[in-house]
Amino acid sequence: MYLWIKAFHIIAVISWMAGMLYLPRLFVYHAAAKPGSEQYETFKVMERRLYRFIMTPAMIVAWVIGIALVFEGQWFASGWFIAKFILAIALTFVHGLLGHWTSQFAYDRNRHPQKFFRIVNEIPTVLMIVIVILATVKPF
Ligand code: HEM
């Protein structure tokens, strides 16, 4: 049963990360598009649907199943899990920021240039790499 739960945790995490890596990329191109243009409006729809119907539900499922795994495996006091938990909270904060920028674009209030979102794009990438190593290798 534990392995089935873990399999669904990983499925939820993959869906969440797909959005966390793709949405900032959409922002990079959106920041270069002309406000009011057809392209600009299309990016709004893509971002809203990705954030609301894929990323947010996947994040909630990853958290709920992740916490179930903590109880099942009794991982509370494990060093790797404490470090992972802190990074998962940081990732969730970045998720919230991506939601904020999605609504900034939706209301034509984006003030950030492309370069800003290119840098933002690297943050979930680095967090994901460290989290996966912690969860799989359990170095401490
Ligand atoms: C959101 C809060 C999260 C919690 C509470 C959580 C908790 C856990 C727990 C307790 C395990 C079981 C460890 C084991 O049985 O070996 C696990 C496995 C795993 N988690 Fe998470 N996790 C979370 C988020 C994430 C994220 C964001 C990622 C990737 C970016 C991730 C990737 C993994 C992977 C790859 C495994 C399988 C490790 C293995 O079997 O070796 N988790 N998680």
I'd like to check one number: the per residue accessible area of the range 2-137, probe 1.4 Å, reported in Å² as a whole number. 57 Å²
Largest first, what is the accessible-area ranking of Ile133, Ile65 with a 1.4 Å probe? Ile133, Ile65
Kindly express, to the nearest 10 degrees and within the range 0 to 90, the angle between helix 114-137's C-alpha long axis and the longest C-alpha principal axis of the chain. 10 degrees
When the accessible area of the range 2-137 is split by element with a 1.4 Å probe, what percent falls to carbon and sulfur? 72 percent
Estimated [θ] at 222 nm from DSSP helical runs (n ≥ 4, -39500 (n - 2.57)) normalised by residues in the chain, nearest 500: -28500 deg cm²/dmol
Taking the 0 to 90 degree range and rounding to the nearest ten, how far is the long axis of helix 79-106 tilted relative to the main principal axis of the chain, both from C-alpha atoms? 20 degrees
Ranked output for segments 84-92, 71-79 by mean other Cβ atoms within 10 Å, highest leading, reads 84-92, 71-79
Let me test this: with uniform point scatterers at the alpha carbons of the chain, what is the Debye-based log₁₀ I(q)/I(0) at q = 0.10, 0.13, 0.14, 0.16 1/Å? -0.38, -0.60, -0.67, -0.82
Could you state the angle between the C-alpha long axis of helix 38-49 and the longest principal axis of the C-alpha atoms of the chain, as a value from 0 to 90 degrees rounded to the nearest 10? 20 degrees
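Counting only C-alpha contacts under 8 Å and six or more residues apart, can you give the relative contact order of the range 2-137 as a whole percent?
The value is 40 percent.
The values are calculated or read from the model by the stated rules, or taken from the named source; none is laboratory data. Quick caveat, the model's predicted, so the values are computed rather than measured. Counting neighbours? That spans all protein chains shown, and the Cβs are built from the backbone with ideal geometry, glycine included. Areas reflect the complete protein model, heavy atoms only, side chains present, ligands, DNA and RNA absent. Shrake-Rupley method; radii C 1.70, N 1.55, O 1.52, S 1.80 Å.
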